[in-house]
Amino acid sequence: MQVQDISLEEELNQKEERDEISILRDFGLEEDEAQTYVGLAQLGSVKASEISAFTKIDRVRTYKILENLKNLGFATSTLSSPIKFSANDPEMILKDIILKQKQKVEHLEKNSSQFLKILSRLKLHEPQIGLPKLTIVSNRNNIYDQMTKIIEETKDRLYIVVTLSDIIRMYYTSIPEAIKKATKQNTKIKLMTGPELSTKLEYIQRLGINKFRIVTLPSPGRLLCSKTQVLMSGNTSSQVNKNINEESVMVTNSNDIIKNMQSLCEFLWESGEDVSIEDNSKKEKKHEKQSTILVVDDDPDAVNIFADYLEIKGVSTVERCTDGKKAIETFKKIRPDAVFLDIMMPDFDGFYVLEQIRKIDPKAKVIMVTADKSAATNKKLHKVKPTDVIYKPYDIEQITRCLK
(Lines give C-alpha, C1' and ligand atoms only; values in the text may rest on other atoms or scores of the structure.)
Protein backbone atom coordinates (compact mmCIF):
# COMPACT_ATOMS: atom_id res chain seq x y z
CA MET A 1 0.00 0.00 0.00
CA GLN A 2 1.33 3.41 -0.92
CA VAL A 3 1.65 5.21 2.38
CA GLN A 4 0.87 8.87 2.86
CA ASP A 5 0.09 10.75 6.02
CA ILE A 6 -3.55 11.55 5.65
CA SER A 7 -3.63 15.25 4.82
CA LEU A 8 -3.96 17.62 1.91
CA GLU A 9 -0.43 19.02 2.21
CA GLU A 10 2.43 17.33 0.36
CA GLU A 11 4.75 17.56 3.35
CA LEU A 12 2.38 15.42 5.44
CA ASN A 13 3.36 12.45 3.27
CA GLN A 14 4.90 10.80 6.35
CA LYS A 15 5.75 7.22 5.54
CA GLU A 16 5.65 7.21 1.78
CA GLU A 17 6.15 3.76 0.27
CA ARG A 18 9.61 3.43 -1.22
CA ASP A 19 10.17 2.13 -4.73
CA GLU A 20 12.43 -0.77 -5.65
CA ILE A 21 15.27 1.49 -6.78
CA SER A 22 15.55 3.41 -3.50
CA ILE A 23 15.34 0.16 -1.51
CA LEU A 24 18.19 -1.41 -3.51
CA ARG A 25 20.30 1.69 -2.81
CA ASP A 26 20.14 0.70 0.87
CA PHE A 27 21.73 -2.59 -0.17
CA GLY A 28 24.73 -0.87 -1.76
CA LEU A 29 23.67 -0.33 -5.37
CA GLU A 30 23.86 2.96 -7.22
CA GLU A 31 20.68 4.12 -8.94
CA ASP A 32 21.67 2.93 -12.42
CA GLU A 33 22.93 -0.38 -10.99
CA ALA A 34 19.61 -0.92 -9.22
CA GLN A 35 17.76 0.00 -12.40
CA THR A 36 19.81 -2.52 -14.40
CA TYR A 37 19.25 -5.31 -11.87
CA VAL A 38 15.49 -4.71 -11.83
CA GLY A 39 15.57 -4.71 -15.64
CA LEU A 40 17.35 -8.08 -15.64
CA ALA A 41 14.77 -9.46 -13.22
CA GLN A 42 12.01 -8.33 -15.60
CA LEU A 43 13.58 -9.46 -18.88
CA GLY A 44 15.30 -12.68 -17.86
CA SER A 45 18.46 -13.79 -19.70
CA VAL A 46 19.44 -11.01 -22.12
CA LYS A 47 22.43 -9.51 -23.91
CA ALA A 48 24.07 -6.35 -22.64
CA SER A 49 22.74 -4.40 -25.62
CA GLU A 50 19.18 -5.48 -24.80
CA ILE A 51 19.33 -4.43 -21.16
CA SER A 52 21.01 -1.17 -22.25
CA ALA A 53 18.11 -0.41 -24.60
CA PHE A 54 15.57 -1.37 -21.92
CA THR A 55 17.06 0.85 -19.21
CA LYS A 56 18.17 3.61 -21.62
CA ILE A 57 21.63 3.55 -20.01
CA ASP A 58 24.70 4.04 -22.20
CA ARG A 59 26.01 0.67 -23.47
CA VAL A 60 29.56 1.21 -22.24
CA ARG A 61 28.26 2.13 -18.81
CA THR A 62 25.92 -0.90 -18.92
CA TYR A 63 28.87 -3.29 -19.43
CA LYS A 64 30.60 -1.81 -16.37
CA ILE A 65 27.39 -2.07 -14.35
CA LEU A 66 26.86 -5.70 -15.32
CA GLU A 67 30.41 -6.62 -14.32
CA ASN A 68 29.93 -4.88 -10.97
CA LEU A 69 26.60 -6.66 -10.43
CA LYS A 70 28.36 -9.97 -11.07
CA ASN A 71 31.09 -9.10 -8.56
CA LEU A 72 28.47 -8.17 -5.96
CA GLY A 73 26.54 -11.39 -6.56
CA PHE A 74 23.47 -9.73 -8.06
CA ALA A 75 23.90 -11.19 -11.57
CA THR A 76 25.50 -14.02 -13.54
CA SER A 77 26.56 -14.39 -17.16
CA THR A 78 26.75 -17.30 -19.61
CA LEU A 79 29.94 -18.66 -21.21
CA SER A 80 28.28 -18.77 -24.63
CA SER A 81 28.59 -16.26 -27.41
CA PRO A 82 26.90 -13.82 -27.36
CA ILE A 83 27.18 -13.46 -23.59
CA LYS A 84 23.87 -13.18 -21.80
CA PHE A 85 23.24 -11.80 -18.35
CA SER A 86 20.53 -12.71 -15.84
CA ALA A 87 19.50 -11.60 -12.34
CA ASN A 88 20.27 -13.86 -9.39
CA ASP A 89 17.59 -14.82 -6.88
CA PRO A 90 16.79 -11.53 -5.03
CA GLU A 91 15.74 -13.24 -1.80
CA MET A 92 19.05 -15.07 -1.47
CA ILE A 93 21.06 -11.97 -2.37
CA LEU A 94 19.37 -9.70 0.15
CA LYS A 95 19.50 -12.32 2.91
CA ASP A 96 23.23 -12.71 2.29
CA ILE A 97 23.80 -8.94 2.47
CA ILE A 98 21.76 -8.66 5.69
CA LEU A 99 23.72 -11.54 7.22
CA LYS A 100 27.03 -9.87 6.35
CA GLN A 101 25.86 -6.58 7.85
CA LYS A 102 24.81 -8.35 11.06
CA GLN A 103 28.23 -9.98 11.24
CA LYS A 104 29.86 -6.56 10.81
CA VAL A 105 27.76 -5.14 13.66
CA GLU A 106 28.66 -8.06 15.91
CA HIS A 107 32.32 -7.54 15.02
CA LEU A 108 32.10 -3.83 15.85
CA GLU A 109 30.36 -4.51 19.16
CA LYS A 110 33.07 -7.02 20.11
CA ASN A 111 35.87 -4.63 19.17
CA SER A 112 34.12 -1.75 20.95
CA SER A 113 34.04 -3.66 24.24
CA GLN A 114 37.67 -4.68 23.81
CA PHE A 115 38.74 -1.12 23.01
CA LEU A 116 37.01 0.27 26.11
CA LYS A 117 38.72 -2.35 28.27
CA ILE A 118 42.10 -1.34 26.85
CA LEU A 119 41.42 2.35 27.51
CA SER A 120 40.38 1.60 31.07
CA ARG A 121 43.88 0.19 31.71
CA LEU A 122 45.66 3.18 30.19
CA LYS A 123 46.41 6.48 31.90
CA LEU A 124 44.48 9.04 29.92
CA HIS A 125 44.72 12.80 29.98
CA GLU A 126 41.90 14.44 31.87
CA PRO A 127 39.53 16.20 29.44
CA GLN A 128 39.83 19.96 29.40
CA ILE A 129 36.86 21.44 31.22
CA GLY A 130 35.12 24.58 30.12
CA LEU A 131 36.18 24.67 26.49
CA PRO A 132 33.23 25.09 24.14
CA LYS A 133 32.53 22.14 21.86
CA LEU A 134 30.87 22.01 18.47
CA THR A 135 29.55 18.84 16.83
CA ILE A 136 27.98 18.34 13.41
CA VAL A 137 25.29 15.64 13.33
CA SER A 138 24.26 14.31 9.92
CA ASN A 139 21.33 12.14 8.77
CA ARG A 140 17.79 12.93 9.88
CA ASN A 141 17.49 9.83 12.09
CA ASN A 142 20.67 10.76 13.97
CA ILE A 143 19.38 14.32 14.32
CA TYR A 144 16.15 13.09 15.93
CA ASP A 145 18.18 10.91 18.30
CA GLN A 146 20.21 13.98 19.29
CA MET A 147 17.03 16.00 19.80
CA THR A 148 15.68 13.24 22.07
CA LYS A 149 18.91 13.31 24.07
CA ILE A 150 18.71 17.08 24.58
CA ILE A 151 15.06 16.84 25.69
CA GLU A 152 15.96 14.11 28.20
CA GLU A 153 18.93 16.09 29.56
CA THR A 154 17.02 19.36 30.02
CA LYS A 155 15.64 19.77 33.54
CA ASP A 156 14.33 23.35 33.51
CA ARG A 157 13.31 25.02 30.23
CA LEU A 158 13.70 24.08 26.58
CA TYR A 159 12.78 26.09 23.49
CA ILE A 160 11.86 24.01 20.43
CA VAL A 161 11.42 25.85 17.11
CA VAL A 162 10.44 23.54 14.23
CA THR A 163 8.34 23.39 11.05
CA LEU A 164 5.08 21.55 10.44
CA SER A 165 6.73 18.77 8.40
CA ASP A 166 9.28 18.24 11.17
CA ILE A 167 6.57 17.97 13.81
CA ILE A 168 4.78 15.29 11.80
CA ARG A 169 7.96 13.26 11.28
CA MET A 170 8.92 13.66 14.95
CA TYR A 171 5.77 11.80 15.95
CA TYR A 172 7.24 8.59 14.53
CA THR A 173 10.41 8.85 16.64
CA SER A 174 11.22 8.63 20.35
CA ILE A 175 10.73 12.41 20.70
CA PRO A 176 7.05 12.36 21.82
CA GLU A 177 7.84 9.99 24.70
CA ALA A 178 10.81 12.14 25.69
CA ILE A 179 8.60 15.26 25.69
CA LYS A 180 5.88 13.59 27.78
CA LYS A 181 8.46 12.33 30.27
CA ALA A 182 10.14 15.75 30.48
CA THR A 183 6.80 17.47 31.04
CA LYS A 184 5.98 15.11 33.92
CA GLN A 185 9.33 16.06 35.47
CA ASN A 186 8.28 19.75 35.28
CA THR A 187 10.52 20.67 32.37
CA LYS A 188 8.95 23.61 30.55
CA ILE A 189 8.75 22.77 26.85
CA LYS A 190 8.22 25.98 24.87
CA LEU A 191 7.28 24.86 21.36
CA MET A 192 7.10 27.36 18.50
CA THR A 193 6.10 26.69 14.92
CA GLY A 194 4.64 28.34 11.82
CA PRO A 195 1.05 29.52 11.20
CA GLU A 196 0.00 26.37 9.28
CA LEU A 197 -0.15 24.49 12.61
CA SER A 198 -3.00 26.68 13.87
CA THR A 199 -5.44 24.55 11.84
CA LYS A 200 -3.76 21.20 12.55
CA LEU A 201 -3.74 21.06 16.33
CA GLU A 202 -3.93 17.26 16.39
CA TYR A 203 -0.30 17.02 15.32
CA ILE A 204 0.82 19.09 18.31
CA GLN A 205 -1.44 17.12 20.63
CA ARG A 206 0.13 13.86 19.45
CA LEU A 207 3.44 15.13 20.85
CA GLY A 208 1.90 15.49 24.29
CA ILE A 209 1.89 19.29 24.17
CA ASN A 210 -1.28 21.25 24.93
CA LYS A 211 0.10 24.78 24.58
CA PHE A 212 2.42 26.29 21.99
CA ARG A 213 2.96 29.53 20.08
CA ILE A 214 2.59 30.47 16.44
CA VAL A 215 5.58 32.54 15.31
CA THR A 216 7.23 33.77 12.14
CA LEU A 217 9.97 31.21 11.72
CA PRO A 218 13.42 32.72 11.06
CA SER A 219 14.17 29.80 8.69
CA PRO A 220 12.69 26.42 7.65
CA GLY A 221 15.15 24.70 9.99
CA ARG A 222 15.32 23.38 13.54
CA LEU A 223 16.32 25.06 16.77
CA LEU A 224 16.50 23.52 20.25
CA CYS A 225 17.86 25.75 22.98
CA SER A 226 18.39 25.01 26.66
CA LYS A 227 20.61 26.74 29.20
CA THR A 228 23.50 24.39 28.44
CA GLN A 229 23.35 23.54 24.73
CA VAL A 230 21.96 24.49 21.34
CA LEU A 231 20.99 22.39 18.33
CA MET A 232 20.29 24.28 15.13
CA SER A 233 20.17 24.04 11.35
CA GLY A 234 19.17 26.52 8.68
CA ASN A 235 17.06 24.19 6.56
CA THR A 236 15.16 20.89 6.56
CA SER A 237 13.88 18.83 3.66
CA SER A 238 10.10 18.75 3.15
CA GLN A 239 10.46 15.38 1.38
CA VAL A 240 9.99 12.31 3.52
CA ASN A 241 12.56 9.86 2.17
CA LYS A 242 14.69 12.22 0.10
CA ASN A 243 17.80 14.06 1.27
CA ILE A 244 17.76 12.28 4.63
CA ASN A 245 21.52 11.83 4.62
CA GLU A 246 22.12 15.40 3.47
CA GLU A 247 20.41 16.97 6.48
CA SER A 248 22.69 18.12 9.27
CA VAL A 249 22.62 20.21 12.44
CA MET A 250 25.16 21.92 14.65
CA VAL A 251 25.21 21.10 18.38
CA THR A 252 27.27 23.28 20.73
CA ASN A 253 27.69 24.24 24.38
CA SER A 254 29.27 27.60 23.54
CA ASN A 255 28.06 30.18 26.05
CA ASP A 256 28.07 32.96 23.46
CA ILE A 257 25.94 31.00 21.01
CA ILE A 258 23.59 29.81 23.77
CA LYS A 259 23.05 33.41 24.97
CA ASN A 260 22.33 34.63 21.42
CA MET A 261 19.91 31.78 20.69
CA GLN A 262 18.18 32.22 24.05
CA SER A 263 17.63 35.88 23.24
CA LEU A 264 16.22 34.95 19.84
CA CYS A 265 13.91 32.31 21.35
CA GLU A 266 12.70 34.69 24.05
CA PHE A 267 11.95 37.32 21.41
CA LEU A 268 10.07 34.81 19.23
CA TRP A 269 8.13 33.54 22.24
CA GLU A 270 7.10 37.02 23.37
CA SER A 271 6.05 38.05 19.85
CA GLY A 272 4.20 34.77 19.11
CA GLU A 273 0.50 33.97 19.26
CA ASP A 274 -0.43 31.72 22.19
CA VAL A 275 -2.48 28.64 21.25
CA SER A 276 -4.06 26.22 23.72
CA ILE A 277 -5.59 22.91 22.65
CA GLU A 278 -6.37 21.50 26.08
CA ASP A 279 -10.02 22.59 26.02
CA ASN A 280 -10.48 21.43 22.43
CA SER A 281 -9.24 17.95 23.25
CA LYS A 282 -11.61 17.68 26.21
CA LYS A 283 -14.55 18.70 24.07
CA GLU A 284 -13.63 16.18 21.41
CA LYS A 285 -13.29 13.43 24.00
CA LYS A 286 -16.62 14.32 25.60
CA HIS A 287 -18.51 14.07 22.31
CA GLU A 288 -16.45 11.18 21.02
CA LYS A 289 -18.45 8.40 19.43
CA GLN A 290 -17.68 4.93 20.76
CA SER A 291 -16.82 2.87 17.73
CA THR A 292 -14.50 0.12 16.56
CA ILE A 293 -12.82 0.06 13.17
CA LEU A 294 -10.60 -2.60 11.62
CA VAL A 295 -7.74 -1.44 9.35
CA VAL A 296 -6.21 -4.08 7.06
CA ASP A 297 -3.08 -3.66 4.94
CA ASP A 298 0.04 -5.76 4.36
CA ASP A 299 2.22 -2.66 4.98
CA PRO A 300 2.55 -2.04 8.77
CA ASP A 301 3.45 1.64 8.22
CA ALA A 302 0.27 2.16 6.22
CA VAL A 303 -1.82 0.51 8.91
CA ASN A 304 -0.26 2.60 11.68
CA ILE A 305 -0.67 5.94 9.91
CA PHE A 306 -4.26 5.17 8.88
CA ALA A 307 -5.11 3.96 12.40
CA ASP A 308 -3.44 6.99 14.03
CA TYR A 309 -5.57 9.30 11.93
CA LEU A 310 -8.77 7.45 12.84
CA GLU A 311 -7.91 7.72 16.52
CA ILE A 312 -7.27 11.45 16.13
CA LYS A 313 -10.74 11.81 14.59
CA GLY A 314 -12.35 10.23 17.68
CA VAL A 315 -12.62 6.53 16.88
CA SER A 316 -12.39 4.86 20.29
CA THR A 317 -10.94 1.51 19.17
CA VAL A 318 -8.87 0.77 16.08
CA GLU A 319 -7.77 -2.80 15.43
CA ARG A 320 -4.82 -3.33 13.06
CA CYS A 321 -4.10 -6.29 10.78
CA THR A 322 -1.34 -6.85 8.24
CA ASP A 323 -2.62 -9.97 6.48
CA GLY A 324 -5.92 -11.24 5.15
CA LYS A 325 -6.15 -14.40 7.24
CA LYS A 326 -5.73 -12.53 10.52
CA ALA A 327 -8.21 -9.89 9.33
CA ILE A 328 -10.92 -12.51 8.87
CA GLU A 329 -10.22 -13.97 12.33
CA THR A 330 -10.20 -10.51 13.93
CA PHE A 331 -13.46 -9.51 12.24
CA LYS A 332 -15.13 -12.67 13.51
CA LYS A 333 -13.89 -11.93 17.02
CA ILE A 334 -14.59 -8.19 17.44
CA ARG A 335 -17.32 -7.49 14.83
CA PRO A 336 -16.15 -3.89 14.10
CA ASP A 337 -18.45 -1.09 12.98
CA ALA A 338 -16.47 -0.78 9.74
CA VAL A 339 -13.45 -2.20 7.92
CA PHE A 340 -10.90 -0.30 5.82
CA LEU A 341 -9.56 -3.05 3.57
CA ASP A 342 -6.62 -2.85 1.15
CA ILE A 343 -7.10 -4.84 -2.08
CA MET A 344 -3.50 -5.71 -3.04
CA MET A 345 -2.20 -8.16 -0.40
CA PRO A 346 -0.26 -11.44 -0.66
CA ASP A 347 -1.99 -14.79 0.01
CA PHE A 348 -5.53 -13.50 0.65
CA ASP A 349 -6.32 -10.33 -1.31
CA GLY A 350 -8.97 -7.82 -0.36
CA PHE A 351 -11.65 -9.37 -2.58
CA TYR A 352 -11.30 -12.75 -0.86
CA VAL A 353 -11.29 -11.14 2.61
CA LEU A 354 -14.44 -9.17 1.72
CA GLU A 355 -16.15 -12.36 0.57
CA GLN A 356 -15.34 -14.11 3.86
CA ILE A 357 -16.44 -11.11 5.94
CA ARG A 358 -19.78 -11.00 4.11
CA LYS A 359 -20.26 -14.69 4.94
CA ILE A 360 -19.82 -13.80 8.62
CA ASP A 361 -21.95 -10.64 8.42
CA PRO A 362 -23.78 -9.85 5.16
CA LYS A 363 -24.41 -6.27 6.37
CA ALA A 364 -20.78 -5.52 7.31
CA LYS A 365 -19.55 -2.08 6.30
CA VAL A 366 -16.37 -2.61 4.27
CA ILE A 367 -14.49 0.25 2.58
CA MET A 368 -12.03 -0.96 -0.06
CA VAL A 369 -8.72 0.93 -0.40
CA THR A 370 -6.76 0.78 -3.65
CA ALA A 371 -4.57 2.68 -6.09
CA ASP A 372 -5.67 0.43 -8.97
CA LYS A 373 -8.15 2.20 -11.26
CA SER A 374 -7.98 -0.37 -14.04
CA ALA A 375 -11.10 -1.60 -15.80
CA ALA A 376 -10.61 -5.12 -14.42
CA THR A 377 -10.46 -3.92 -10.81
CA ASN A 378 -13.42 -1.58 -11.30
CA LYS A 379 -15.40 -4.50 -12.72
CA LYS A 380 -14.59 -6.63 -9.66
CA LEU A 381 -15.49 -3.78 -7.30
CA HIS A 382 -18.80 -3.30 -9.07
CA LYS A 383 -19.48 -7.01 -8.69
CA VAL A 384 -18.65 -7.36 -4.95
CA LYS A 385 -20.35 -4.03 -4.06
CA PRO A 386 -18.29 -2.78 -1.08
CA THR A 387 -19.78 -0.10 1.16
CA ASP A 388 -17.42 2.45 -0.36
CA VAL A 389 -14.10 2.75 -2.21
CA ILE A 390 -11.14 5.01 -1.40
CA TYR A 391 -8.52 5.60 -4.07
CA LYS A 392 -4.92 6.33 -3.19
CA PRO A 393 -3.39 8.74 -2.58
CA TYR A 394 -6.32 9.47 -0.28
CA ASP A 395 -6.91 12.65 1.70
CA ILE A 396 -8.87 13.93 4.67
CA GLU A 397 -12.10 14.45 2.74
CA GLN A 398 -12.25 10.84 1.56
CA ILE A 399 -11.67 9.43 5.06
CA THR A 400 -14.05 11.89 6.72
CA ARG A 401 -16.76 11.07 4.18
CA CYS A 402 -16.48 7.38 5.01
CA LEU A 403 -16.46 8.01 8.77
CA LYS A 404 -19.67 10.01 8.52
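The values are calculated or read from the model by the stated rules, or taken from the named source; none is laboratory data. These numbers come from a predicted model, not from an experiment. Ideal geometry is used to build each Cβ from the backbone, glycine not excepted, and the neighbour counts take in all protein chains shown. Surface areas here come from the heavy atoms of the whole protein model, side chains and all, with no ligands, DNA or RNA. Shrake-Rupley method; radii C 1.70, N 1.55, O 1.52, S 1.80 Å.
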Output ³J(HN,Hα) for segment 362-373: one whole-Hz value per residue in order, computed from phi by the Karplus curve 6.51 cos²θ - 1.76 cosθ + 1.60 with θ = phi - 60°, and x for Gly and Pro.
x, 9, 4, 8, 10, 9, 7, 10, 7, 9, 8, 10
Rough spin-label spacing in nm, given labels placed 7 Å along Cα→Cβ, for Thr387 and Ala53:
5.3 nm
The long-range amide H neighbours of Val369, using H built 1.01 Å from N in the peptide plane and a cut-off of under 5 Å, are Leu341, Asp342, Ile343, Ile390
Solvent-accessible surface ranking, highest first, for Glu266, Glu329 at 1.4 angstrom:
Glu329, Glu266
Please calculate the 1.4 Å probe accessible area of Leu341, with all protein chains present, and give it to the nearest 10 Å².
0 Å²
Using the Karplus curve 6.51 cos²θ - 1.76 cosθ + 1.60 with θ = phi - 60°, work out ³J(HN,Hα) for each residue of segment 32-43 in order, rounded to whole Hz, and write x for Gly and Pro.
6, 5, 4, 4, 5, 4, 4, x, 4, 5, 7, 8
Please work out the Cα center distance from segment 332-398 to segment 53-114, rounded to the nearest Å.
39 Å
Solvent exposure, largest accessible area first (probe 1.4 Å, DNA, RNA and ligands not counted), of Lys64, Lys392
Lys64, Lys392
Just the accessible area for Val303, please: 1.4 Å probe, Å², rounded to the nearest 10?
0 Å²
By accessible area of protein heavy atoms, probe 1.4 Å, what ranking do Arg358, Arg25 get, highest first?
Arg25, Arg358
List the trypsin sites (Lys or Arg not before Pro) in segment 144-194 that DSSP assigns to loop (not H, G, I, E or B) and whose Cβ has at most 14 other Cβ atoms within 10 Å. Which are they?
Lys155
Of the listed pairs Lys133/Lys181; Lys95/Lys326; Lys56/Lys392; Lys333/Lys363; Lys184/Lys211; Lys363/Lys383, which have alpha-carbon separations greater than 19 Å here?
Lys133/Lys181; Lys95/Lys326; Lys56/Lys392
